[in-house]
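Below: the structure, in structure tokens.
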Amino acid sequence: MQRRSNGIVHALLIRKEGLMITPSTHSVPPSGELCEVASGIYWLRMPLPFALDHINLYILEDEQGLYLLDTGVQSSQSKSVWRQCLATLQKPVIGVIATHMHPDHCGLAGWLCSEYNVPLWMSALEYYAASTTFAPTTGADTSVEMNYFIQAGLTADHAQQYVNDRTSYTQAVAPLPLAYRRLVKGNVLSIGGRDWQVLTFGGHSPEHVCLYCAEGKLLIGGDQVLPYISPNIGVYSREPEANPLADYFASLDTLAKLPDDTLVLPSHNVPYVGLNFRCNELREHHNTMLVRLEQFCQSPVSLLACMPQLYERKLTGQLLFFALAEGLAHLNYLHYNGTLSRQKNTDGSYRYQTIA
Ligand SMILES: [Zn+2]
């Protein structure tokens, strides 16, 4: 990286493990510092209080002011990082864009929009999914949530623990703005002399927004295609019969057709070049999981029993919660494509078996 006198650094490309990454993993900008990855596009690495300890946020500079792309979770630390960075840039904030509904992406949207009196831009499904997911559920019938965990093979006590524990997730999100501006696939946003085409994808979340600038060969990728980790493709209690892996494979097909020298600005890890290579890797990762499940389910097994086939480490708490969701996404995919049958056992769990 090259350091400029105003504290903003510039990124340099280096090659590593089949991808061109920028900058090296040893020289990512410290939290609170801005790195200009292309002219007028600033990368901000915001700390997160999770195992995944950061999110990459981007600031797009326009003549009129700044668009903030994703927000970080609700915390005093995130707010102070935002204040510090925006003071460095010395331009007014004119809009907040959230790629999708997850707390690290829209957790501070309500605060930022209110603090700077600007609109929130989101796709419709993401806005409404966030609005319902983080809304209080006091008095609601939680038996469907219990069923989700019982069907996975958990005991009733274990299932109840997950149903009771919503707080860590919901507290990470400030109340969302009560109005938003809708991003639709095919829209073009003109920001800072660049035309950004709105692309939307399922799989990781219902209508995840990516922004693609064809002329500059830039893709703001959100969580859809991350360089070193695989985005969670999960089936959750809100839609237990969903088949997001099919949507995710479709998104990889589309993204792999973009020019391979596109600079991808992802929400985690570091910016990279090598979209086609990475789409293939991600597809292979999920195909490997599908093959393991198909082989393991020769006799009827529950989702919980499949976990050691998919993950080497011991899973508890939040890790198990997300692993179950991802495992179910793969089982549902195999169920819908006719590879696995599914029967309900006397204990309420589903048992999956490979169809001969
Ligand atoms: Zn996400």
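The values are calculated or read from the model by the stated rules, or taken from the named source; none is laboratory data. Note that this is a predicted model, so its numbers are computed, not measured. Quick reminder, even Gly has a Cβ in these numbers, built from the backbone with ideal geometry, and neighbours come from all protein chains shown.
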Discussion item. If I filter the range 270-291 for residues that are of a type in the set (Lys, Arg), surrounded by fewer than 17 Cβ atoms within 10 Å (Cβ to Cβ), farther than 28 Å from Ile150 by Cα and in contact (Cβ under 8 Å) with a residue 12 or more places away in the chain, do I get at least one hit?
Written reply: yes
Discussion item. Tally up the residues in the range 104-129 that are within 16 Å of the ligand (Cβ to nearest atom), more than 18 Å from Tyr58 (Cβ to Cβ) and out of contact with any Pro (no Cβ under 7 Å at 6 or more places or on another chain), please.
Written reply: 1
Worksheet item: In the range 172-200, how many are touching a Gly at 6+ places or on another chain (Cβ under 7 Å), among the β-branched types (Val, Ile, Thr) and part of a strand (DSSP E or B)?
Response: 1
Worksheet, complete the sentence: Of the residues in the range 304-314, those that are outside any helix (DSSP H, G or I) and either among the hydroxyl-bearing types (Ser, Thr, Tyr) or modelled with pLDDT of 95 or more (or both) come to Tyr311
Worksheet item: Quick one: what pairs do we get from the range 96-125, first residue over 20 Å from Leu48 (Cβ atoms), second at pLDDT below 95, C-beta under 8 Å, 6+ apart or different chains?
Response: none
Worksheet entry | Test set (1) assigned to a helix (DSSP H, G or I); (2) over 18 Å from Arg278 (Cα atoms); (3) away from the ligand (no atom under 14 Å from the Cβ); (4) not basic (Lys, Arg) - Tyr169 fails condition number | (3)
Worksheet item: Hey, Leu218 hits all of (1) in contact with a helix residue (DSSP H, G or I) (Cβ under 7 Å, 6 or more places away or on another chain); (2) within 26 Å of Asp53 (Cα to Cα) but one; which does it fall short on?
Response: (1)
Worksheet item: What tally of residues in the range 84-103 results from selecting those that are away from the ligand (no atom under 16 Å from the Cβ), at pLDDT 95 or above and of a type outside the set (A, V, I, L, M)?
Response: 3
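Anything in the range 304-326 that is without any contact (Cβ under 8 Å) to a residue 40 or more places away in the chain and either on the phi < 0 side of the Ramachandran plot or surrounded by 17 or more Cβ atoms within 10 Å (Cβ to Cβ) (or both)? List them, or say none. Quick ask: steps written out before the conclusion?
Filtering the range 304-326 for residues without any contact (Cβ under 8 Å) to a residue 40 or more places away in the chain gives 307-317, 320, 323.
Those that are without any contact (Cβ under 8 Å) to a residue 40 or more places away in the chain and either on the phi < 0 side of the Ramachandran plot or surrounded by 17 or more Cβ atoms within 10 Å (Cβ to Cβ) (or both): Met307, Pro308, Gln309, Leu310, Tyr311, Glu312, Arg313, Lys314, Leu315, Thr316, Leu320, Ala323.
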Worksheet, complete the sentence: Sole miss for Leu319 among (1) over 17 Å from Glu241 (Cα atoms); (2) at pLDDT 95 or above; (3) assigned to a helix (DSSP H, G or I) is condition (2)
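Just give me the residues in the range 130-147 being out of contact with any helix residue (DSSP H, G or I) (no Cβ under 6 Å at 6 or more places or on another chain) and within 16 Å of the ligand (Cβ to nearest atom), in sequence order. Full working, then the answer.
Filtering the range 130-147 for residues out of contact with any helix residue (DSSP H, G or I) (no Cβ under 6 Å at 6 or more places or on another chain) gives 131-133, 135-141, 143-144, 147.
Once the filter is applied, which keeps residues that are out of contact with any helix residue (DSSP H, G or I) (no Cβ under 6 Å at 6 or more places or on another chain) and within 16 Å of the ligand (Cβ to nearest atom), the range 130-147 yields only Thr133.
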Worksheet item: Does the range 92-103 contain at least one residue that is polar (S, T, N, Q) and more than 23 Å from the chain's Cα centre (by Cα)?
Response: no
